[in-house]
Amino acid sequence: MSELLKRTHMCGQLNIGNVDEEVTLNGWVAKQRSLGGLIFIDLRDKTGIVQITFDDTIEKEVFERANSLRSEYVIGVRGVVKERSSKNPNIPTGEIEVFARELTVYSESETPPIYVKDDDHVDDNLRLKYRYLDLRKLKMQKNLRLRHNIAKITRDYFDEQGFTEIETPVLIKSTPEGARDYLVPSRVNVGRFYALPQSPQLFKQLLMVGGCDRYMQIAKCFRDEDLRADRQPEFTQIDLEMSFVDQDDVIEMQEGFMKRLFKDLFGKDLQIPFPRITYDEAMERYGSDKPDTRFGFELKCLNQIVEGTSFKVFADAIAAGGDVRGICIEQGSAKFSRKDIDKLTEQTKHYGAKGLVWIRVEEGEIKSSVNKFFDQEQLRRIADVFDASAGDLILIAADRKKVVFDSLGFLRRHIAGLLGLLDDTQYNFLWVTDFPMFEKDDETGELKAMHHPFTNPKAEDIPLLETEPEKVKADAYDIVLNGVELGGGSIRIHDRQLQARMFRALNLTEEECQEKFGFLLEAFKYGTPPHGGLAYGLDRLAMLLAGEQSIRDVIAFPKNQNAQCMVCEAPGTVEEDQLEELGITLR
């Protein structure tokens, strides 16, 4: 058994100020280089890499042991810090090295199936299968530390604001709304099932009924849904609820949180309050309810300009109650060839668009893909809507409003990315408010709650619940950063009669309401304070602040795109007697 050399320092924390100190380090061998009388080891721990030097003046046995080291061996060394003669400006410890005189090998390593370095470009499935090796990368260690710091600042800030962290149950009743529940069979109550929570929503409202006043929790949540770069079957929320508040109170509290978070993490002073725009304005101007405002390319409506046109695509869209809208790319004419535009057109088809019309504004002339339907004067009127100048490129979509918004919303951000306009060091926050209370289900055509059925309608819209529910706006709000929704929330319904009207608008019978939400409705009989809250996606927040493209890079052991854990091979099969004990038979 190897002798433990108790470390005095972490590898990445040594610097020129430690010269002539005796230090003891532990870590993994990142690289070994032998130059005859000198052996160099790059030693790595979670803080960074430092160069360890063995020369042939030390004990022969130690020198020979150093010569036998290979990548990912786990070792301990003791030696003296010296200033390097040839410095390495690429690493924080590049001014020093440690001349070792003692060495112990804790464990050897076979050749790893993946390289342990940040730029290895290894296949994602291999990274996830050997995640314990992937986690040794300094980038992953940095990301996990950032996530830890976000969680710590969160707890500190909300504690200072009078919030109490309270854990809510993980085994709850299934109340299927939106995504599918993960179900857990009960052994004690055969034939019955728990569900894993999609959010702590109902319980945090019960906490408000219980007089807890200000609640927070860093909560594990579960949704059985298709995965994307920013989705996982299990994820973490920063969950909050407050009593006796309105929308302004909740928003002000969250702006203080973001200001504190950015100051403590990056030393950056955010300017608050953040801008606010309504859902309708966000869709009209940006084609998205989570707009990226780091660049322009705002949508413009052309319905009045092209009304009465003989161009069938435009005419049919307007006749069907749809839209003709476009975006203008400043000086984009020279940057996008006809072939480039064809590629953009193909990409918008994923959002339902059947095609794009292009207009190039040039000196003295405007060229277009629809020249035979529009003369120069008509094209000039379209260009004037965008204040377009020579060299600008206008792209137009015509279809149902949702298709137009989705297509142009995608297009403006995609083009901004192609042009290098998405500056990751710029943080554009905004609030999107006044969401529609209801939306139509794509499959059934029936109304469903856009957020959830406990969201308070705007006071002025309550009379429309029975007559024109699609016009009702919700007292709901999302916080958006650089085109990504960081979190969302609402003021909740606390009046039983209003909650009953909300359920009726959703065509829920009294029996269905009792079956799904009876315990909450029962609690509401005994005095419910006005309350509201918000939940952030901690994974998504960490991803953005780390500058990553996927939440998998800020989660220690994420699932792959098929919701599988590649390390432990979950989900897996279970023994027949386990199923029998649960009263379950597989078909």
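The values are calculated or read from the model by the stated rules, or taken from the named source; none is laboratory data. Note that this is a predicted model, so its numbers are computed, not measured. In this analysis, Cβ positions are derived from the backbone assuming ideal geometry, glycine residues included, and neighbour counts consider all displayed protein chains. Keep in mind that these areas ignore ligands, DNA and RNA; they rest on the heavy atoms of the full protein, side chains included. Shrake-Rupley method; radii C 1.70, N 1.55, O 1.52, S 1.80 Å.
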**Under 20 Å from the Ser310 label point (7 Å along Cα→beta-carbon), backbone N, region 378-415** = 378-382
**Message:** Out of all DSSP beta bridges in the chain, what portion is antiparallel? Express it as a percent rounded to 5.
**Reply:** 95
**Message:** What does the charge count around Asn90 come to, taking other residues whose C-beta lies under 15 Å from its C-beta (Lys +1, Arg +1, Asp -1, Glu -1)?
**Reply:** +1
**Message:** Placing one identical point scatterer on every Cα of region 442-582 and ignoring solvent, what is log10 I(q)/I(0) from the Debye formula at q = 0.16 Å⁻¹?
**Reply:** -0.99
**Message:** Restricting to Cα atoms and excluding each atom paired with itself, what does the Kirkwood estimate give for the chain in Å?
**Reply:** 28.4
**Message:** Please report, in whole Å³, the volume per residue of the convex hull around the C-alpha atoms of region 125-271.
**Reply:** 171
**Message:** Can you give me the % of accessible surface on region 479-587 that is carbon or sulfur? Probe 1.4 Å, all protein chains present, nothing else counted.
**Reply:** 48
**Prompt:** For region 45-150, what's the relative contact order in percent, using C-alpha pairs closer than 8 Å and at least 6 residues apart?
**Reply:** 29
**Item:** Nonlocal Lys pairs with alpha-carbon distance under 23 Å, region 65-137 (8 or more apart, or different chains)
**Value:** 5
**Item:** Rel. contact order, % - alpha carbon contacts under 8 angstrom, at least six apart, the chain
**Value:** 13
**Asked** Dipole size in debye (nearest 20) for the chain around its Cα centre, Lys and Arg Cβ +1, Asp and Glu Cβ -1?
**Response** 920
**Asked** Using 7 Å Cα-to-Cβ label points, what is the Asp340/Gln578 separation (nm, one decimal)?
**Response** 5.5
**Request:** Just subtract the alpha-carbon distance of Arg381 and Gln549 from 0.36 nm times their residue separation and send over the number in nm, one decimal.
**Result:** 56.5 nm
**Request:** Would you mind checking region 549-587 for residues with the amide N under 14 Å from a putative spin-label position 7 Å along Cα→C-beta of Ser186?
**Result:** 582-583
**Message:** I'd like to know which of Gly391, Pro273, Phe163 lies farthest towards the positive end of the charge dipole of the chain, counting +1 on Cβ of Lys and Arg and -1 on Cβ of Asp and Glu.
**Reply:** Gly391
**Dipole of the chain, positive end: most advanced residue of Phe503, Gly583, Val62 [Cβ charges, Cα centre]** = Val62
**Fill in**
For Gly445, the net charge from surrounding residues (Cβ-Cβ under 13 Å; K, R +1; D, E -1) works out to -4
**Item:** Projected-area average for region 346-423 over all orientations - Cα convex hull basis, square nanometres
**Value:** 5.9
**Request:** Please work out how much length the chain gains when fully extended from Leu421 to Glu446, using 0.36 nm per residue of separation minus the C-alpha to C-alpha distance, in nm with one decimal.
**Result:** 5.0 nm
**Neighbourhood net charge (12 Å Cβ-Cβ; Lys/Arg +1, Asp/Glu -1) for Ser2** = -2
**Prompt:** Could you give the Stokes-Einstein D for region 51-108 in µm² per second, using the C-alpha Kirkwood radius, 37 °C, 0.692 mPa s?
**Reply:** 268
**Item:** Peptide ranges 464-475, 37-48 listed from the most packed, as the mean C-beta count within 10 angstrom indicates
**Value:** 37-48, 464-475
**Message:** Using Cα-Cα distances under 8 Å and only pairs 6 or more residues apart, what relative contact order does region 395-502 have, in percent?
**Reply:** 24
**Prompt:** How big is the Rg/Rh ratio for region 74-190, C-alpha atoms only, Rh by Kirkwood, two decimals?
**Reply:** 1.15
